[in-house]
Amino acid sequence: MNAKDYIRNLHYPNDGFITIAKNQKTWKQQYFDDINKINIRLNTKDTYVSQNSFINQSRRLINLNRLHSVYIDIDCYKKNLTKEETVHLLKEMYGEIPRPNFLIDSGRGIYYVILINESKKKLSEWQTIEKFLYSKMESLGADAKCLDATRVLRIIDSVNSKNNGKVKVLDQYEYDYSINEILKKYIPEIPKYKKSKKKKKGRPRKFVSLYNLYHLYASRIADIEKLCELRNYNMNGYRETTLFLYRYFSNIYHDDEEDALYNALELNKMFTEPLDEDELIKDTESASRYYKEVKYMYSNAKLISILDITEEEQKELSTIISTKEKYRRNNLRRYNERRDKEGKTAKEREVADRLDKIRELKQKKFTNKEIAEKLGITERTVRNELKK
């Protein structure tokens, strides 16, 4: 298997932008919406590929297109383990964890990669699986900073310049995984918790709490980005607050201070009038100091107030919404659930079907009395329906 074949396996189906990155004196990224259009050498030093795809040429969480893999970067050398020992220990864990589609020699360590094909709507479940696998492989040297959906990993056939080790496949397993299957088999409390309408007494289990945390803050991050987009990135009067919240929510979600700061800097660049970078770092510093304690608790009402989010803007957001907007959505959902594809309720459909039958029988020369007897209704009903 060469590098392009591996990318085809990783990014099936190829319906978004793939990032190819190179770290040769400077960090450079290129984006391709078709694997066949990749026109750069992949078997060179320090060449990487995004593990998931994006809707445009920007490797940011809001631009996530599809989830193509679950992965763990294992720096086994930090635990004084050889790659052979690490592979052996991983194989002994199969049953507690899924057998991966690929075990890859990353040059100095091991990549554990499961192939999936899932909507980005599964991001919270995906992140919970990442954290679960990390907890299982932490003793092997799993990298806590490599658990985000925008990550790039080294491409097979490329070379790790740190030791000139070639990146290669060590083990391959043909199996089609899904997020729901992994949750059901390895973290069963998540699907049970999601389906249950009644709250159980006592403290939620560890990964249930993690799922709730990831779901909330992934939604918070996406809503901040969407709000900026709705305002055409003119955030004057709200820049410091927006960037602080963005960095804070990103810290909690990614548990990576460098990544959170990078995301805030990237969002700032998109503003019509960006903050000075030093000013941004200083003004949002506490977002990095206090995120592990989740010191700042923000209700939807508080966020709506400090960002002056209008009712029209709330209609485009997923979680930062008022009680009024929540009720509007619930009423709309219940309204839609009651209606079929033509927009009719069950009762309206019944009446329409009855009218069709009456007209059909009338065309066949049945009298009103005969139609009433045949359909079990009164002659008056027949006459009234025919008037329609």
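In this calculation the C-beta distance from Trp27 to Asp176 is compared with R0 = 41 Å, giving a FRET efficiency of 0.75. Measuring r between the beta carbons of Asn39 and Lys269 and using R0 = 25 Å, the FRET efficiency lands at 0.35. Return the subset of Lys120/Lys145; Lys78/Lys168; Lys22/Lys184; Lys226/Lys292; Lys28/Lys295; Lys145/Lys166 for which the Cα-Cα distance in this structure is over 28 Å, preserving the input order. Result: Lys22/Lys184; Lys28/Lys295 exceed 28 Å. For the residue pairs Lys347/Lys387; Lys121/Lys282; Lys45/Lys269; Lys91/Lys136, the C-alpha atoms sit more than 23 angstrom apart in Lys121/Lys282; Lys45/Lys269. Contact order, relative form, for the chain: 12 percent (alpha carbon pairs under 8 Å, 6 or more residues apart, mean separation divided by residue count).
Of the DSSP H helices in the chain, those that are both long (alpha-carbon extent of 18 Å or more along the helix axis) and hydrophobic (Kyte-Doolittle mean at least -1.0) are 123-137, 206-230, 239-254, 257-270. Using a Förster distance of 22 Å, how high is the FRET efficiency between Lys91 and Glu189, based on the Cβ-Cβ distance and rounded to 0.05? Once rounded, the FRET efficiency stands at 0.25. Considering only Ser106, Ser286, Leu355, the residue lying farthest towards the positive end of the dipole of the chain is Leu355, judged by Cα position with unit charges set on Cβ. Inter-label distance, Tyr233 to Lys374: 6.8 nm, where each label sits 7 Å from its Cα along the C-beta direction.
Site pair Ser139 and Lys78 shows an inter-label distance of 1.8 nm when each label is modelled 7 Å from Cα along Cα→Cβ. Computed over neighbours whose Cβ is under 12 Å from that of Lys83, the net charge equals -2, Lys and Arg +1, Asp and Glu -1. Between the entries (i) 66, 30, 20; (ii) 33, 25, 17; (iii) 49, 29, 22, the label attached to semi-axes √(5λ) of the Cα gyration tensor in Å calculated for this structure is (iii). Convex hull volume per residue, computed on the Cα atoms of region 218-294, equals 73 Å³. Look at the dipole of region 293-376 built from charges on Cβ: of Ile321, Asn331, Asn368, the Cα furthest out on the positive end belongs to Asn368. With the largest listed first and rounded to whole Å, the semi-axes of the equivalent ellipsoid of region 102-176 from the Cα gyration tensor are 23, 15, 12. For region 45-109, the percent of C-alpha pairs falling in each 10 Å distance bin, counted from 0 to the bin holding the largest distance, reads 17, 39, 30, 14, 0. Model label sites at Asp308 and Asn2, defined 7 Å from Cα along the beta-carbon direction, differ in position by 5.8 nm.
Our estimate of slack between Glu293 and Arg354, defined as 0.36 nm per intervening residue step minus the Cα-Cα distance, is 15.7 nm. Here the contact order of region 296-375, divided by its residue count and restricted to Cα pairs under 8 Å and six or more residues apart, works out to 15 percent. Of all the options Asn101, Asn63, Asn163, the one that moves most in a Gaussian network model of the chain with Cα springs shorter than 10 angstrom is Asn163. The gain in end-to-end length when the Thr367 to Lys282 segment is fully stretched comes to 22.0 nm, 0.36 nm per residue minus the alpha carbon separation. To the nearest 10 square angstrom, how much accessible area does Lys4 have with a 1.4 angstrom probe? Near enough 60 Å² of accessible area. Net charge near Arg383, counting Lys/Arg +1 and Asp/Glu -1 over other residues with Cβ under 14 Å of its Cβ? That works out to +4. When you restrict to C-alpha pairs under 8 Å that are six or more residues apart and normalise by the size of region 205-317, the relative contact order lands at 30 percent.
Computed about its Cα centre, the charge dipole of the chain is approximately 2280 debye, with only Lys, Arg, Asp and Glu carrying charge at their Cβ. For Tyr217, the accessible area of its heavy atoms, probed at 1.4 Å with every protein chain present, is near 20 square angstrom.
The values are calculated or read from the model by the stated rules, or taken from the named source; none is laboratory data. Only a predicted model underlies this, so the values are computations on that prediction, with no experimental measurement involved. Note that each Cβ is placed from the backbone with ideal geometry, even for glycine, and that neighbours are counted across all protein chains shown. Each accessible area value is taken on the protein alone, full model and side chains, heavy atoms only, with ligands, DNA and RNA left out. Shrake-Rupley method; radii C 1.70, N 1.55, O 1.52, S 1.80 Å.
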